[in-house]
Structures are given as structure tokens and as C-alpha cells.
Amino acid sequence: MRIATLLTGLAIAVAGCQREERQLRLDPPIAEALDKVALMPNGISGAPPNVYFALEKPYETNAYNLSQGKRLYSWFGCKTCHGNGEGGIGPAFLDGWWYYGPDMVSIFASIRDGRPHGMPAYRDKMTTDQIWQLAGYVQTIGSYAGKTAAPSRSDEKHTRPAENRAPAKIQFDQGPTPLHPDQGPTP
Amino acid sequence: MRRATRLAWVVTPAVLLAGCDGWQSALDAHGTSAVSLKQLIILIVAVCSVVWMLVMIALIMALWRNRRERPLPVTPQPSTQRRMTATVIAAVAATTVVISGFTIMSFFATRALGIGGNDELTIKVRGLQWWWSVEYFGARSEERFETANEIHIPVGRNVRFKLEGLDVIHSFWVPSLAGKQDLVPGRANELIIRAEKPGIYRGQCAEFCGMQHAHMAFLVIAESPDEFDKWINAQRQPAVQPSEEELAGGQRTFLEKPCAACHTVRGTAASGTTGPDLTHVGSRKYIAAGLFETTRGSLAAWIADPQTIKPGNNMPMVPLTPEELRAVSAYLASLK
Ligand SMILES: [Cu+2]
């Protein structure tokens, strides 16, 4: 009996040692398939391709992808318009208001195809993989619900709650940043 | 059998010593500070070896002389007593002399590391996962330029390296030229190097910095002041414009695809700073921080699939058609 308990405990401990997989390289057919999101006609909301589910939503649940998204966020200059998520020339991601919806597909489309009121398209500047990583990160900082995966810590001074302190709901009270009246869906 | 043993005694040290020279060895020193470090370490090893041997001889002699059992308690003669006191005093004095000798020597050696002068050239080196960005300055702001993973310096001149880490801690180490210095995010570190002899010296990141730490090498090329001036003037020029149709196609691909968002090619619209400056990538000896020699083929292999060659590095696999790949690698190889 003692031995059985011990062995079970050991097995559980060993099972816990599994390291998160890092998807460093997407096979080209998968990358191509991931690009084929089914958007609604107005470019807001829709369905991700089937591979996205087959891969178990890697861009929302995998810490490595979220960390890469965080690096891309500053490498590709999102900060110049969106700050650390508090907004600026572009809308905030922390206030709980989305012009084009909070789901992954809408965020992916916002980044890939751009949006009419001044959001540039990044289609030719990034790979599909990177756009998904970025979308996962943007969704995390403005998340309505807590996630178990979080990107790496910030080295610089914090200007908002850390990404893993979701939901960032405390920020929602501020209401939307009035950028233009063309409101999309609201929370 | 005897002959084989004797041969082994001769050959083994020879083989081991042969590993001491080469383009990346602290024992093959050609930089002012590396030479003084090497002298210091050889002196310390030599003195410590002698001390160790003397201690061992004294110990073995003591054991040998007193191998017969003696009745306890031992009461030494007054003359033996005096000799014991003298021996202890001599040993303490010798220890003091050796240690203060070392302290003085290392004081002078350390001072030699900080060699300063007025004719300094300043180079800024930034460490990133997993490559080195190198920035040169000039009298005017147009003379400033960036390159990567290959640093040219003039022989016999003090070169001041300003070191900075941009993501995690790295360490700048060219064993043949100088000791290590860390690159710490948010902190300005400096290292002065003077190469005594022209040559190509290999350097390596010496602080574990993630998946591709082992593939984070660079070259320091020390050359005569004339050659150095020639090199720096060539590097200051913008990239050559493509002369053939294929190269022009490669340039178009480079500018239209994500490449331009991460890489700079001076003289074109490409001005990204996430990856190495590629203005003169064809003139550099290696790509991807020492992984491959720069050839059109290795450029193509790298661009086609950087994540298989150097897993985890920050360049993604950008889907290209075979024609685009051929043209873009020809274009980059032509950027001498
Ligand atoms: Cu490193």
C-alpha cells in the first residue's frame, strides 16, 4: 500500500515535468491554412480555420507564443500608436471596448488587413505565424477572463497590471477611448 | 610496451598543447590586455606549482622519517622545539611574500587592462538573442553606420567598446585579445582592446543567454590602419544598386516581403532594426553569428528555413517561391 502510494506520487510528479512545446517553425502548408480565416462580410468576427483547433488554439494558450507576441508588439512599433495597451493615436486595448470585437479572428484581421480609421495593414510586414502571436498577445492584455498562460515579465516600469493579472477589468470603468463614433461591438 | 608508454608521454602533452593556439585562445594572446593576463596566469600557475611541490616533498619526508611508532605523549627536545618555531615562521613569511607578490602582480596586470589614450576609436556593441549589432561613429552623423557580427579594428590602436545588452545578459569575449565583459540591459559597460598583431580573432558570447547561446559568435578582424580606413569607407557607402535583372528582382522581393520590416539595407526603403543590418552582408565572412560562411548558397539555405538551422532565433520562415528565394539570395550575396 505504502509503495503503491509512493509510486503514484512519483508518477504524478514525473508527469508534471512535461515542458511546454515551443512551435518554432510552422510547416508552410499549416501557415497557409492558418491564414484562411473565415471573416464575416463586414470584417468583424468569424471563424478561425480548422487547423487552429487541431493545434489546440496555440496562440491563446502557449506561453512561448504569447512572449513572442509581446516582443513583436514593441519590435513592430505598435507602442507608438497603442502605448502599452492604454492607447494613444490608436484605441486602447485595456478599456474593454473593441471597435472590431475582442475575439482572436477579429484581432487577427485588424492586424493583417488594417482598419479604415488609421490602422495600417501588416500583411506584408509579418508572417502569418507572427500575426497570430501578436493577436494572442493583444487579446491577453485586454482579456475579459484570466488565462493560465502568460508572456514573459516586463523589464521596464509597469504602466498597467501585468498580463497574467487578468482580467484587466479594473480598467474597464474608464469607458471607451473616444476615437471616432464608428463603434463596433461592445462588451 | 615501454616504448608505447614513452610515446604516450610525449604525444599527449603535444596534442594538448596544440589545442592552445588558434583564433580563439587565451593562450595564443595578441592583445595588450590578453598578453598581460596570460603572463599573470602563467606566473601564478608556475609559482603555485612550485609551492605545491615543496609542500608535498615536506609532507612525504615527514611521513617517511617518522614511520616508526613512538610512545605518546611526544615531548620534543628544546632544540627541536626551536627548529619547529623557525620552520613555522619561515612558512608564514613565505606565504606572505608569495601572496603579496601575487597581489602586486595582479595590480599591475589589471592596470594594463585599462590602457587609455587619446587616439581612441569607439565602437558600440549590442548583444541580442542571438547576434551582435555593431555601430561605428564618425566626425559627422552621416558617417555613422551599423553592421553585425564582424568587427574591424586597426592594429596598435586602443579601441573602446561600449557594451550594452538589449534583451538579456550576454558577455563579450575574444580570448586572444582581452578578458570577458558582460553586456547588461540598462547598464553601460566598457572594454578597451588593443590588438598587437593583424589577424582574425574569434569571439563568443560567454554568458548563457538562451537556446542559441552556442551560436552567438563573432569575429574581430585586426588590420593595418590603411586597410581599416579602406574598409570603413566602403562600409559607410549605401548598398550597391542591382546591376542585373535577377538582382533587381531580388531587391523587389526583399522590399515587398516582411524582410524589409526587420532589416535595413541603406540606400533602399528597407529600414527595420529587429535583425542585422544587411547593407554589406555579402562582404562579411559569416552569416547568422558564425554559423555559415557567406555564400549565395548558404544565404539561400538560411532564408529558406532559419528555424531548422538555428531553432528559436528571431527570424521567421518567410514563405517564398523558389524563384524569389534564388533572386533574393543572389541580391544579398551581391551586397559587398
Ligand atoms: Cu549571448
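The values are calculated or read from the model by the stated rules, or taken from the named source; none is laboratory data. Bear in mind that the values here come from a model prediction, so they are computed numbers and not experimental data. Positions of Cβ are generated from backbone atoms using ideal geometry, with glycine treated the same way; all protein chains shown enter the neighbour counts. Heads up: the accessible areas ignore ligands, DNA and RNA and are worked out on the full protein's heavy atoms, side chains in. Shrake-Rupley method; radii C 1.70, N 1.55, O 1.52, S 1.80 Å.
Of the accessible area of region B:30-123, with the probe set at 1.4 angstrom, what percent is carbon plus sulfur?
Its accessible area is 73 percent carbon and sulfur atoms.
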**Complete:** Percent relative contact order for region B:238-333, counting Cα pairs under 8 Å at least six residues apart, stands at 33 percent
**Request:** Using only Cα atoms, figure out Rg for the protein assembly as shown and give it as a multiple of 2.2 N^0.38 Å.
**Result:** 1.32
**Message:** Straight-line reach only, C-alpha to C-alpha below 28 angstrom: list the lysines that residue A:157 could link to, leaving out same-chain residues fewer than 8 apart.
**Reply:** A:70, A:79, A:147, A:169, B:124, B:162
**Request:** Report the extension gain between residue B:213 and residue B:92 in nm, rounded to one decimal, defined as 0.36 nm multiplied by the number of residues separating them, less their alpha carbon distance.
**Result:** 39.0 nm
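Mind ranking A:89, B:99, A:131, A:44 by accessible surface for me, highest first, 1.4 Å probe?
Working: A:89 130, B:99 95, A:131 5, A:44 30 Å².
Reading off the accessible areas and sorting them downward yields A:89, B:99, A:44, A:131.
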**Request:** At q = 0.09, 0.11, 0.13, 0.22 Å⁻¹, work out log10 I(q)/I(0) for region B:121-235 with the Debye formula, treating every Cα as an identical point scatterer and leaving solvent out; two decimals please.
**Result:** -0.22, -0.32, -0.46, -1.27
**Request:** Choose one answer from B:109, B:58, B:34: the residue with the largest mean-square fluctuation in a GNM of chain B with alpha-carbon springs under 10 Å.
**Result:** B:58
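Whenever you get a sec, compute what percent of the accessible area on region B:238-333 sits on carbon and sulfur atoms (1.4 Å probe).
Values: 2260 of 3930 Å².
Of all accessible area on region B:238-333, carbon and sulfur atoms account for 58 percent.
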**Message:** Please compute the volume of the convex hull spanned by the alpha-carbon atoms of chain B and report it per residue in Å³.
**Reply:** 226 Å³
**Message:** Using a loss threshold of 40 Å², tell me which positions in region B:302-336 are less accessible in the complex than in their chain alone. Probe radius 1.4 Å, ligands and nucleic acids ignored.
**Reply:** B:307, B:314, B:316, B:317
**Prompt:** Taking both sides together, what accessible area is buried at the A/B interface, probe 1.4 Å, expressed in Å² and rounded to the nearest 100?
**Reply:** 1300 Å²
**Message:** Between residue B:112 and residue B:47, what is 0.36 nm times their sequence separation minus the Cα-Cα distance? Round to one decimal in nm.
**Reply:** 21.3 nm
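Report the calculated FRET efficiency for residue A:157 and residue B:23 (r = Cβ-Cβ distance, R0 = 41 Å), to the nearest 0.05. All intermediate terms of the calculation are to be shown ahead of the outcome.
On the way: r = 43 Å, r/R0 = 1.04.
Between residue A:157 and residue B:23 the formula returns 0.45.
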**Request:** Treating the angle as unsigned and between 0 and 90°, give the value, to the nearest 10°, between the Cα long axis of helix A:104-113 and the longest Cα principal axis of chain A.
**Result:** 50 degrees
**Message:** Just the number please: accessible area per residue for the protein assembly as shown, 1.4 Å probe, all protein chains included, in Å².
**Reply:** 56 Å²
**Message:** Given contacts defined as C-alpha pairs under 8 Å and at least six residues apart, what's the relative contact order of chain B, whole-number percent?
**Reply:** 15 percent
**Asked** To the nearest 10 square angstrom, what accessible area does residue A:78 show with a 1.4 Å probe?
**Response** 20 Å²
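How large a share of the accessible area of chain A, in percent, is made up of carbon and sulfur atoms when the probe is 1.4 Å and the other protein chains stay in place? All intermediate terms of the calculation are to be shown ahead of the outcome.
On the way: 6050 of 10420 Å².
Ligands and nucleic acids excluded, carbon and sulfur give 58 percent.
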**Complete:** In short, region B:238-273 residues buried by 10 Å² or more of accessible area relative to the isolated chain (1.4 Å probe) are B:256, B:258, B:261, B:262
**Asked** Can you list the residues of region A:12-49 that have at least 40 square angstrom less accessible area with all protein chains present than in their chain by itself, probe 1.4 Å?
**Response** A:24, A:25
